[in-house]
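The values are calculated or read from the model by the stated rules, or taken from the named source; none is laboratory data. None of these values were measured; they are calculated from a predicted model. Here Cβ is always computed from backbone atoms with ideal geometry, including for glycine, and neighbour counts include all displayed protein chains.
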Amino acid sequence: MCNTEVFGWKFSKFIKNKNYDFNRDKILDVCGEDNVIDAYNLISSWQNYNPTPLVKLNKLSKKFNLNNIFYKDESKRFHLKSFKALGGAYAVQKITKGNKSITVATATAGNHGRSVSWGAQRLGLNCKIFISQYVSDARADVMRNLGADVIRVKGNYEASLKECIKQSKNNGWEIIQDVAWEGYEEVPKLTMAGYSVMIKEISNQTDQYITHVFLQAGVGGMASGVIAGIAKYFKRIPKIILVEPDTADCVLQSVEAGEMKKIDIKKESILGGMSCGEVSIVPWRILKHAVNNCISITDENIAQTIAMLKEKYFSDEPVIGGECATPGIISLIAATENKNIKDKLELNEKSNVLIMGCEGDADENLYKKLLNEGIKQLIL
Ligand SMILES: Cc1ncc(COP(=O)(O)O)c(C=O)c1O
């Protein structure tokens with residue numbers, strides 16, 4: 001793609017948070033500043049720990065005349081290929097302290113369960129994973145290969161969580177869930193603290209001040225964990241733009257209303273891990289004031305973005321980014337091609353934008369399918 005061509009990509013909705021008030025202390029209070037400090041110290045001591053690369057999308061920044069676009073490449077996170085490796089596995093270690101008589105349990109759509117299974121395997125603990133009828137066999141096999149006992153439950157994610165809670169109560173298992181509910185907050189706070197490690201790494205990887213961060217959200221755990229990292233480690237607070245599928249924009253609707261809104265998902269997005277109808281209660285305490293803007297997108301440009309990452313349209317090196325790695329790039333392109341929004345966000349030649357490349361080919365079959373689709377679109 002040459003510099004004069006336009007992508008012509010559109011976002012669905014863009015809003016400003018009227019209640020914006022970024023307060024470092026309050027944010028760190030919600031997540032627990034000690035948790036944030038401990039998460040880095042502990043995770044960086046794990047065997048085979050390496051910071052994931054901070055890739056420069058130099059071709060894309062040149063095209064839009066932005067100073068830098070940094071892409072945090074979580075495809076290289078341990079061997080789990082997703083940022084989720086930082087959350088569940090860390091919470092397993094904190095809650096069990098490696099006590100082998102403890103069995104851990106969780107309900108999952110895939111990546112979180114992989115992290116919990118791996119965390120249990122590392123410490124030699126038994127692990128029970130509850131999945132709904134919609135989770136693929138391939139994802140179930142990955143967790144089995146990490147030593148977990150995988151239990152399939154009829155119905156959706158909610159049904160798998162209900163069954164997980166019931167069986168855990170009956171058997172005395174420790175639930176390691178990334179989503180909070182009334183009276184269950186400690187583990188979700190630990191998983192969020194685990195995600196803040198990405199920002200600690202970035203603070204060591206560049207001395208450029210980040211001016212804008214695009215953050216994907218499902219229930220908001222990743223976004224709020226990253227924001228806790230920003231509150232702790234960044235000297236200057238960047239503009240924070242939260243991205244969701246337009247069919248599951250529960251954070252956008254909540255920010256717009258100034259209170260938590262539960263939404264009905266009428267059509268599931270390809271962004272499976274982000275297709276959530278309700279923001280989790282702990283992340284909400286952070287997101288409601290820390291986010292500057294929310295933006296929503298369709299699934300239309302996902303396959304093409306996956307192909308462009310792989311085929312070096314954006315950077316000098318190929319990047320393996322799965323579906324949930326694309327929303328930051330898609331919304332940045334859509335925002336930058338809209339003069340009004342570009343000006344509102346002050347995206348210009350001084351901007352250093354951070355994009356979270358949340359996952360690689362964590363679901364290999366889906367990745368291959370989307371990559372092939374995207375490549376066809378590039379050739380056309
Ligand atoms: C693979 C994957 N799953 C899930 C999510 C959503 O995370 P959370 O539910 O913590 O907002 C993301 C990113 O937003 C993701 O990349």
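Among the conditions (1) outside the structural domain of Gly124 (by TED's automatic domain parsing); (2) at pLDDT 95 or above; (3) not in a strand (DSSP E or B), the only one that Phe7 does not satisfy is (2). Once segment 72-106 is narrowed to residues that are within 13 Å of the ligand (Cβ to nearest atom) and in a strand (DSSP E or B), the residue that is surrounded by the fewest Cβ atoms within 10 Å (Cβ to Cβ) is Asp73. Among the residues here, Asn204 qualifies as more than 16 Å from the ligand (Cβ to nearest atom), over 22 Å from Leu125 (Cα atoms) and surrounded by fewer than 24 Cβ atoms within 10 Å (Cβ to Cβ). Restricted to strands (runs of 3 or more DSSP E) entirely inside segment 211-316, those with at least 1 residues that are in contact with an Asp or Glu (Cβ under 6 Å, 6 or more places away or on another chain) and either at pLDDT 95 or above or within 25 Å of Leu54 (Cα to Cα) (or both) are 293-297. Applying the criterion of being buried (at least 18 other Cβ atoms within 10 Å of the Cβ) and out of contact with any helix residue (DSSP H, G or I) (no Cβ under 7 Å at 6 or more places or on another chain) to the residues of segment 45-71, the residue that is farthest from Lys310 (Cα to Cα) is Leu66. If the condition is being surrounded by fewer than 20 Cβ atoms within 10 Å (Cβ to Cβ) and over 22 Å from Ala85 (Cβ atoms), then segment 164-182 contributes Ile165, Lys166, Gln167, Lys169, Asn170, Asn171, Gly172, Trp181, Glu182.
Here Glu346 fulfils each of the conditions (1) at negative phi; (2) surrounded by fewer than 19 Cβ atoms within 10 Å (Cβ to Cβ) apart from (1).
Here Arg122, Arg114 are screened, and the one residue that is modelled with pLDDT of 95 or more, within 16 Å of the ligand (Cβ to nearest atom) and either of a type in the set (D, E, K, R) or outside the structural domain of Gly220 (by TED's automatic domain parsing) (or both) is Arg114. Has segment 160-175 got at least one residue that is touching a strand residue (DSSP E or B) at 6+ places or on another chain (Cβ under 8 Å), assigned to a helix (DSSP H, G or I) and under 30 Å from Glu346 (Cα atoms)? No, there is no match, as no residue in segment 160-175 is touching a strand residue (DSSP E or B) at 6+ places or on another chain (Cβ under 8 Å), assigned to a helix (DSSP H, G or I) and under 30 Å from Glu346 (Cα atoms). Just one of the listed residues (Glu278, Glu244) is within 14 Å of the ligand (Cβ to nearest atom), within 15 Å of the chain's Cα centre (by Cα), among the acidic types (Asp, Glu) and not assigned by TED's automatic domain parsing to the domain that holds Gly110, and it is Glu244. Residues of segment 234-251 that are crowded, with 17+ Cβ neighbours inside 10 Å and closer than 20 Å to Ala325 by Cβ: Pro238, Ile240, Ile241, Leu242, Val243, Glu244, Pro245, Thr247, Ala248, Asp249, Val251. From the set of residues in segment 147-159 that are in a helix (DSSP H, G or I) and of a type outside the set (A, V, I, L, M, F, W, C), which is surrounded by the fewest Cβ atoms within 10 Å (Cβ to Cβ)? Checking each candidate, the answer is Glu158.
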